[in-house]
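A.B. asks: The structure follows.
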Amino acid sequence: MKLRELAERLDCGLEGDGDIDISRVAGIQEAGRGDVTFLANPKYEKLLATTQASAVILKRQVPAAGGCAVLRAEDPYLAFARAVRMFAPDWRPVAGVSAHAAVAADAQLGRDVAVGAFVAIDSGVSIGDGTVIFPNVTIGQGARIGRDCVIGQNVLVSSGVRVGDGCKIQNNVSLYTGVTLEDHVFCGPSLVFTNVVNPRSEVIRKTEYKTTLVRRGASIGANATILCGTTIGTYAFVGAGSVVTRDVADFALVVGNPARPQGWMCRCGIKLQVGGPTARCGACGTSYAHHNGRLSLADPAAADSRE
């Protein structure tokens, strides 16, 4: 791939020869000719002078050094992650519906959707382009699943559930009626949501379902339990095995039973060191404001830069 094309696909500014051939991605110390690398942490800036990479992804205000070309990005860490996917794409099943799957006649499947064996898709379901559904998944009536999602084996998506774009739902997860996942949510294996506060086998409470909202980019670890009626904040992080009984703030890290705050997480998935009114991620360089026990992006416009 020509560097010019890569810059366009990553939405980066280009400084240098756009006709350079790029064939791999690599770390800044290991990179060689034909490689693109990145630098997000200022403490490694001295490596710019010695890297053998053909191109490096830098934040807009970081001065270039050495003889390699530069791609300018608001978030070099994320731009590099996108480059990795281009040069080393994730394996995915071949698009199409297994002969052993049962799909309702009025279900709407987007382009390049892959549906595995023994999947059951009910009436009124909508599934976006590029989504992969592994075997033994059940998707209830009227559920909506966005594009480019991955639904692992033995997952239950109950009637009326909403799943945004780019979500990853690992094996054995139960999404019960009333659950909404915004875009790019990660659900670890055997995660369980609930939708009734006080269930009894003898008492029908289908009119009492509580809603649960998981906001954009949040991650929930394996074997966690989410009590209904809660909201998991934007890019929040719920530790494996935790039991969430109340709302989780944006970017918060919560762990335990019941889950309690243990710090803050960057949207790139690295734990932040927050000791004052501001914080900066040491991995990707994203800046945050800390005020009244809440964390937010220092530059709200950056919230849309991860598409």
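A.B. asks: Any idea which of ASP90, ASP17, ASP21 is free of Cβ contacts under 8 Å to residues at least 12 places away in the same chain and farther than 22 Å from CYS266 by Cα?
C.D. replies: Numbers: ASP17 fails: free of Cβ contacts under 8 Å to residues at least 12 places away in the same chain; ASP21 fails: free of Cβ contacts under 8 Å to residues at least 12 places away in the same chain.
The unique qualifying residue is ASP90.
A.B. asks: Right, another one. Just one of (1) of a type outside the set (D, E, K, R); (2) under 16 Å from the mean Cα position of the chain (by Cα); (3) not in a strand (DSSP E or B) trips up GLN141, so point out which.
C.D. replies: Looking at each condition in turn, GLN141 falls short on (2).
A.B. asks: While we're looking at this one, here's another question. Name the single residue that is farthest from the chain's Cα centre (by Cα) among those in the stretch 178-194 being in a loop (DSSP other than H, G, I, E, B) and crowded, with 21+ Cβ neighbours inside 10 Å.
C.D. replies: First, the residues of the stretch 178-194 that are in a loop (DSSP other than H, G, I, E, B): 178, 182-185, 188-191, 194.
Now drop any that are not crowded, with 21+ Cβ neighbours inside 10 Å, which leaves 178, 184-185, 188, 191.
Numbers: GLY178: 21, HIS184: 4, VAL185: 5, GLY188: 12, LEU191: 16 Å.
Filtering first and then ranking leaves GLY178.
A.B. asks: Would you check if there is a residue in the stretch 89-96 being part of a loop (DSSP other than H, G, I, E, B), at pLDDT below 95 and basic (Lys, Arg)?
C.D. replies: yes
A.B. asks: Only one of (1) closer than 21 Å to ALA81 by Cβ; (2) more than 19 Å from the chain's Cα centre (by Cα) fails for ASN292. Which number is that?
C.D. replies: With respect to (1) closer than 21 Å to ALA81 by Cβ; (2) more than 19 Å from the chain's Cα centre (by Cα), ASN292 is out only on (1).
A.B. asks: Quick check, is ALA105 buried (at least 20 other Cβ atoms within 10 Å of the Cβ), over 22 Å from ASN154 (Cβ atoms) and either in contact (Cβ under 8 Å) with a residue 24 or more places away in the chain or more than 24 Å from the chain's Cα centre (by Cα) (or both)?
C.D. replies: Numbers: buried (at least 20 other Cβ atoms within 10 Å of the Cβ): no; over 22 Å from ASN154 (Cβ atoms): yes; either in contact (Cβ under 8 Å) with a residue 24 or more places away in the chain or more than 24 Å from the chain's Cα centre (by Cα) (or both): yes.
In short, no.
A.B. asks: Please return the ranges of strands (runs of 3 or more DSSP E) entirely within the stretch 195-307 where 3 or more residues are touching a residue at least 12 places away in the same chain (Cβ under 8 Å). If you could, list the steps in order and put the result at the bottom.
C.D. replies: On the way: elements: 212-214, 252-255, 260-265, 278-280, 287-291, 294-297.
Counting at least 3 such residues, we get 212-214, 252-255, 260-265, 287-291, 294-297.
A.B. asks: Only one residue in GLY282, GLY256, GLY269, GLY275 is on the phi > 0 side of the Ramachandran plot, surrounded by fewer than 20 Cβ atoms within 10 Å (Cβ to Cβ), more than 16 Å from the chain's Cα centre (by Cα) and among the small types (Gly, Ala, Ser). Which one?
C.D. replies: On the way: GLY282 fails: on the phi > 0 side of the Ramachandran plot; GLY269 fails: more than 16 Å from the chain's Cα centre (by Cα); GLY275 fails: on the phi > 0 side of the Ramachandran plot.
Going through GLY282, GLY256, GLY269, GLY275 in turn, the sole match is GLY256.
A.B. asks: Oh, and also: Mind telling me which of the residues ARG60, ARG33 ends up being surrounded by fewer than 18 Cβ atoms within 10 Å (Cβ to Cβ) and more than 30 Å from the chain's Cα centre (by Cα)? Break it down into steps so the answer makes sense when it comes.
C.D. replies: Numbers: ARG60 fails: more than 30 Å from the chain's Cα centre (by Cα).
Exactly one residue qualifies, and that residue is ARG33.
A.B. asks: Hey, another quick one. Please verify whether the stretch 75-96 includes one or more residues that are surrounded by 18 or more Cβ atoms within 10 Å (Cβ to Cβ), outside the structural domain of THR207 (by TED's automatic domain parsing) and among the aromatic types (Phe, Trp, Tyr).
C.D. replies: Within the stretch 75-96, one or more residues are surrounded by 18 or more Cβ atoms within 10 Å (Cβ to Cβ), outside the structural domain of THR207 (by TED's automatic domain parsing) and among the aromatic types (Phe, Trp, Tyr).
A.B. asks: Okay, moving on. Take the stretch 46-96 and flag every residue that is basic (Lys, Arg) and closer than 19 Å to THR286 by Cα.
C.D. replies: LYS59, ARG60, ARG72, ARG82
The values are calculated or read from the model by the stated rules, or taken from the named source; none is laboratory data. For clarity, every value in this text was computed on a predicted model and none was experimentally measured. Backbone-built Cβ (ideal geometry, glycine too); neighbour counts: all protein chains shown.
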